[in-house]
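The block underneath contains the structure these notes are about, expressed in structure tokens.
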Amino acid sequence: TTGIYPKGNVKIEYGTTFIYGEKLLFNSDTKIAKIDTGVRIVQDDIVITANVMTADFKTEKMTVTGNVRLELTEELAEKDAAGKPVMDVVVLLTQKMEIDINTNDFTATGGITITKDKQKAQAAEARYVDAESKMTLTKDVVITTEEGDTVKSDSAIIYTDKETFEAEGEKIEINFTV
């Protein structure tokens, strides 16, 4: 088993993914890398910070845990007054996220909070499919709109490239502020 253990300002480049941290443990036989301090991952329009990251470069899967913060800058379908695409930032906070390095798809678990523009969503789990700009929230979903209205449902779909969401389930509760 061959191990590499660099410390201080570590940087891994893997295709379009850049992984930064303070201390890297890398097994060249298994192709598994672990950073347990100061994790920062940058890939295309996504920035992720976390306490710990484990990446398996054979399966091209990555797991980040502890104070996970994902920031996605997305070009919306809507245009501004000048006809230029409107940019939006989606921020997701959670405790654990499993990411496909190739597709940017991910599954997040553990007390998820998502803010998008002036909307806020909370759920136990979220699954994101990058190719569809679609985030599916499940279990105890609560969405609060800019106006303070709330929607509670079994699941919801948030499109990161649009200003809309869809609530789904057996029981949907909507509370309006008047």
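Some notes on this structure:
- Heavy-atom accessible surface of the chain: percent carbon and sulfur, 1.4 Å: 50 percent
- Relative contact order of region 120-178, pairs being alpha-carbon contacts under 8 Å that are 6 or more residues apart, as %: 28 percent
- Working from label points 7 Å from Cα in the Cα-to-Cβ sense, the Thr113 to Thr37 distance is 2.8 nm.
- Only lysines eight or more places from Lys120 in sequence, or on another chain, were considered; those with a Cα closer than 27 Å are Lys79, Lys84, Lys96, Lys134, Lys139, Lys152, Lys162, Lys171.
- Within region 103-178, GluC sites (Glu not before Pro) in DSSP loop having at most 13 other beta-carbon neighbours inside 10 Å: Glu146, Glu147, Glu170
- Simple point charges give the picture: +1 on the Cβ of Lys and Arg, -1 on the Cβ of Asp and Glu, and for the chain a dipole about the Cα centre of about 860 debye.
- Legend: Rg and Dmax of region 19-178, from Cα coordinates, 17.1, 62 Å.
- Approximating the spin labels as points 7 Å out from Cα along Cα→Cβ, the Thr164-to-Asp105 distance works out to 2.3 nm.
- Kirkwood hydrodynamic radius (C-alpha pairs) into Stokes-Einstein, region 99-178, 20 °C and 1.002 mPa s, D in µm²/s: 167 µm²/s
- Between Asp56 and Phe176, the modelled label-to-label distance comes to 5.0 nm, taking each label 7 Å out from Cα in the direction of the beta carbon.
- Accessible area (Å², per residue) of the chain, counting only protein heavy atoms and a probe of 1.4 Å: 54 Å²
- Neighbour-limited loop hits for trypsin sites (Lys or Arg not before Pro), region 24-97 (at most 15 other Cβ within 10 Å; DSSP other than H, G, I, E, B): Lys31, Lys58
- Sequence-ordered 3J(HN,Hα) estimates for region 153-161 from the Karplus curve with 6.51, -1.76 and 1.60 and θ = phi - 60° stand at 7, 5, 8, 8, 10, 10, 8, 6, 9 Hz, glycine and proline given as x.
- Candidate cross-link partners of Lys23 among the aspartates and glutamates, defined by an alpha-carbon separation under 14 Å and a same-chain spacing of 8 or more, comprise Asp36.
The values are calculated or read from the model by the stated rules, or taken from the named source; none is laboratory data. Keep in mind that what you see is a predicted model, and the values were worked out from it rather than measured. Glycine gets a Cβ as well: all are built from the backbone with ideal geometry, and neighbour counts include every protein chain shown. Surface accessibility is based on the protein's heavy atoms, side chains included, excluding ligands, DNA and RNA. Shrake-Rupley method; radii C 1.70, N 1.55, O 1.52, S 1.80 Å.
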